[in-house]
Amino acid sequence: MKKLIVVAMLIGSVAYADTDVPGLVKLIENQPADMDRPAWKEKRRDAAKKLAQSKDKRAVPELIKLAENETFDIIGETAIEGLGNLGDPSAVPTLQKIVADPARDPHQKDLAKKALAKLGASATAAPPPPDKTPPPPDKTAPDLVAPPPDTTTITTTTTTTTTPPPDTTTSLLGGQKSPTDVPPLPELADDTLASYERVTFAGGTADFGYDTLRKRLSFDADVAGSYAKRVEREKMAWGANANVHVVTGLVNDSGPSQQRGAEVVAQGSGEARFYSGQIYGIGRAAVGLQMNYISDVDMGGNSVKFTHTYGDVEVALGGGYGRLLDIGAQIRVRRLARALDNNRALGKPIDAATSKKLQLTWWALRAERSGYRQLVATVAILREAGILLSEPDAGLTYEILNVLRDTQLFVRPSGFDANLTFGEGYLDRPDNNSANGRVEQLLANAGYGAQLDDDKLEISGTAYARLRLFAPDNTPSPWAAGATARMTRFTYGEHGDPFGALDLGADVMLSSDDLMMSDKELRIAGELGFTYWLNQASGVRLAGQVAEDRGALFIGAQLTATYGLLDGTFAR
Amino acid sequence: MVRRLSFVLLLAACNAGDDTTDGARANCAQGGVLTSCPEAAHTSSGACWRLVDCAAIPLDAMNDFDWKRCVDGIDKLTAERQNLVIDCIAASSCDSLKVEGSPDHPNTNQMSCLLLGDQ
């Protein structure tokens, strides 16, 4: 037995001794003339793995350099792991800097913590990271279209070496970004089931006009913006949103007639849920403020001018069952896996950790107009994880790009959720408004979503009910209930081009104003529409509607266009 | 099609037998910011549907301001006044669209968004 161990050690020693550390370092730092860049990148990664497994202390300086500088490529992670395995304490400061660096990928930070543990060092004793701000770019550098130089020479205290620069691309603002220089990924707890952050600016309309013939000035503007964030964790969930809407205008005729107005509406709300299994307790709070200013002078010179302010402060408490998640980003990962599988390039299924890394990378890059860095980062992540078997060819690259730019993967609900809450609020209204004062109400909400047929068919629905409680004497207690059901068929071209969506919907509303002589009212409506996607979250929609309300029939058709871009979502 | 639809509407009004048909109200018609509605279409009919949904006006009334008078009134405005009125109604909360007499006999002189279309 002892002989066997000695032989094994000797074989191991020979293996370590056989590692050509200088040769591997040279390969990492210099691209051979007879090797193209993708092949060289593969060779660099392989060389780094060999250095990490070499047990040769001469590999430590190179691994430190890679761990410090390769913040995105898998080669950086290989180096961090290798520093832990090599057992050289000189790596401790570098690893501590990585742990303390807020811009670092959480996965790399985790690897650095593990490496420090192997070295017996603390992860929290790291000194503050040095200022690594690069020097300002050379103003005389070539124009945007000029390619970057193949190599950059850096001088150290002991040697002069060449190291490859990252691929660079040009941002919209003219600066240069590396495709692997992904902004810090959103921090999500390990038990996060889904999360999203949405920023929408709706420009609406803005018109200005004046002519000397009528001597008439007119102006109107309608602008709005909203922000929403939600995090769903196993034991709790929270969400918040805020929106502001401004409408203003002026019409100044040549005569005495003049109308001026401004309306500002601001609303904010928050929600928290605490789960025990599928059952949850829920708390909601909402505030609203609206200001209307009107100045109206008619043709006869009669004028009306007033300012009205409306304020809402409300809270609601209750309970519910289930959870409705937006799994659009998860479906994007599934579509990606299908595209790889169809092209025989899927080495293994996309695991949960890689899925999370992909989704958070897309989230971090969501504001980019170009999909270039998303594509490069996605391919790099898939290659690093061993999921993408080789560098993708043109056809597969196109299909991956189609998946990344798929406009039909925003707001894709999955699950069932229903809750019942009691709301208490104070509404500040002008004197002539019947809603002024305290209001108590019972509120019910439900939602359902299912993604079927390889995520190309969506069945979804919502329902609500409200009833005013404890209304003062001679004040009505109106109630209402309603439900919406929708089926959407998403269509794609042969190579995954998102084409459009055909949807069929039905709405039913039942209500009572609870006034003298008023009846229960029922409205049933149906809609058939087709949406043609222009780009991410933007599209043109043609729809036909039929509605019936107390015997009156309404038939209509609509052509609408929407624009939005800034969604970031995650679902485990 | 327009003549046919008008006929249907007229028939419906006769069948109702009442002076006023309220129309179904949406979730946001009452209760402040805790209740919400989808955004109204930025058309004259969409704006008037919002007034009905919010319990600000009736769907159909013999002598009062109702959905059809609302649509006709907005359609008669100049383009810039139409924009102002429709955008104002679409952005408003339901309670700010209600006035004295709402929903059956609304005092239109108090409807701030409609005043923007006065001429």
Every residue from region A:508-538 that is more than 10 Å from every other protein chain (Cβ to nearest Cβ), at negative phi and either in contact with a helix residue (DSSP H, G or I) (Cβ under 7 Å, 6 or more places away or on another chain) or not aliphatic (A, V, I, L, M) (or both): A:Gly526, A:Glu527, A:Gly529, A:Phe530, A:Thr531, A:Tyr532, A:Trp533, A:Asn535, A:Gln536, A:Ser538
Counted residues, region B:79-103 - those being facing chain A (nearest Cβ under 7 Å) and either touching a strand residue (DSSP E or B) at 6+ places or on another chain (Cβ under 8 Å) or at positive phi (or both): 11
Region A:197-210 - residue that is open to solvent by 40 Å² or more (accessible area, probe 1.4 Å) and over 26 Å from B:Gly117 (Cβ atoms) and, of those, nearest to the other protein chains (Cβ to nearest Cβ): A:Thr200
Residue count, region B:57-83 (criterion: in a helix (DSSP H, G or I), modelled with pLDDT under 90 and closer than 24 Å to A:Phe306 by Cβ): 3
Any hit, region B:30-49, residues being among the aliphatic types (A, V, I, L, M) and modelled with pLDDT under 90: yes
Members of region A:547-561 that are surrounded by 14 or more Cβ atoms within 10 Å (Cβ to Cβ) and of a type in the set (Val, Ile, Thr): A:Thr560
Flag if A:Ala485 is touching a Gly at 6+ places or on another chain (Cβ under 9 Å) and open to solvent by less than 50 Å² (accessible area, probe 1.4 Å): no
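Every residue, every condition in (1) open to solvent by 30 Å² or more (accessible area, probe 1.4 Å); (2) in the same structural domain as A:Thr248 (by TED's automatic domain parsing); (3) outside any strand (DSSP E or B), yes or no:
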{"site": "A:Met299", "(1), (2), (3)": "yes, yes, yes"}
{"site": "A:Lys305", "(1), (2), (3)": "yes, yes, no"}
{"site": "A:Tyr310", "(1), (2), (3)": "no, yes, no"}
{"site": "A:Leu317", "(1), (2), (3)": "yes, yes, no"}
{"site": "A:Gly322", "(1), (2), (3)": "no, yes, no"}
{"site": "A:Val333", "(1), (2), (3)": "no, no, yes"}
{"site": "A:Leu336", "(1), (2), (3)": "no, no, yes"}
{"site": "A:Leu340", "(1), (2), (3)": "no, no, yes"}
Close pairs from region A:473-496: first outside the structural domain of A:Leu396 (by TED's automatic domain parsing) and within 28 Å of A:Asn445 (Cα to Cα), partner among the hydroxyl-bearing types (Ser, Thr, Tyr) and modelled with pLDDT under 90, Cβ under 8 Å, at least 6 apart: A:Thr475/A:Ser434
Qualifying positions in region A:398-410 - out of contact with any Pro (no Cβ under 6 Å at 6 or more places or on another chain), over 11 Å from A:Gly371 (Cβ atoms) and not hydrophobic (A, V, I, L, M, F, W, C): A:Tyr398, A:Glu399
Criterion (of a type in the set (A, V, I, L, M) and open to solvent by less than 20 Å² (accessible area, probe 1.4 Å)) met by exactly one of A:Leu396, A:Leu389: A:Leu396
Selection count where residues are part of a strand (DSSP E or B), surrounded by fewer than 18 Cβ atoms within 10 Å (Cβ to Cβ) and either within 22 Å of the chain's Cα centre (by Cα) or in contact (Cβ under 8 Å) with a residue 60 or more places away in the chain (or both), scope region A:234-270: 10
Boolean, A:Asp503 is open to solvent by less than 40 Å² (accessible area, probe 1.4 Å) and either away from chain B (no Cβ under 13 Å) or in contact (Cβ under 8 Å) with a residue 40 or more places away in the chain (or both): yes
Yes/no for B:Gly101 being over 18 Å from A:Val265 (Cβ atoms), assigned to a loop (DSSP other than H, G, I, E, B) and open to solvent by less than 30 Å² (accessible area, probe 1.4 Å): no
Lone qualifier among B:Ala61, B:Ala40 - being closer than 21 Å to A:Val546 by Cα, touching a helix residue (DSSP H, G or I) at 6+ places or on another chain (Cβ under 9 Å) and more than 7 Å from chain A (Cβ to nearest Cβ): B:Ala40
Residue match in region B:111-119 (condition: among the polar types (S, T, N, Q), open to solvent by 10 Å² or more (accessible area, probe 1.4 Å) and more than 7 Å from every other protein chain (Cβ to nearest Cβ)): no
Failed condition for A:Val546, given (1) modelled with pLDDT under 90; (2) over 30 Å from A:Asn402 (Cβ atoms): (1)
Single residue of A:Leu185, A:Leu172, A:Leu193, A:Leu213 found to be more than 14 Å from chain B (Cβ to nearest Cβ), modelled with pLDDT under 90 and crowded, with 17+ Cβ neighbours inside 10 Å: A:Leu185
For A:Ala240: the one exception among (1) of a type in the set (A, V, I, L, M, F, W, C); (2) at pLDDT 95 or above; (3) closer than 30 Å to A:Asp431 by Cα: (3)
Test for A:Glu458: is it touching a Leu at 6+ places or on another chain (Cβ under 9 Å), open to solvent by 40 Å² or more (accessible area, probe 1.4 Å) and either basic (Lys, Arg) or in a strand (DSSP E or B) (or both): no
From A:Arg373, A:Arg383, A:Arg369, residue being outside any loop (DSSP other than H, G, I, E, B) and farther than 17 Å from A:Arg332 by Cβ: A:Arg383
In region A:399-428, residue farthest from A:Gly277 (Cα to Cα) [restricted to those that are open to solvent by 30 Å² or more (accessible area, probe 1.4 Å) and in a loop (DSSP other than H, G, I, E, B)]: A:Arg405
The listed residue being touching a Lys or Arg at 6+ places or on another chain (Cβ under 6 Å), open to solvent by less than 20 Å² (accessible area, probe 1.4 Å) and among the aliphatic types (A, V, I, L, M), out of B:Ala47, B:Ala55, B:Ala61: B:Ala55
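The values are calculated or read from the model by the stated rules, or taken from the named source; none is laboratory data. Small disclaimer: the values here were computed from a predicted structure and weren't measured. Here Cβ is always computed from backbone atoms with ideal geometry, including for glycine, and neighbour counts include all displayed protein chains. All accessible areas refer to the heavy atoms of the entire protein, side chains included, with ligands and DNA or RNA removed. Shrake-Rupley method; radii C 1.70, N 1.55, O 1.52, S 1.80 Å.
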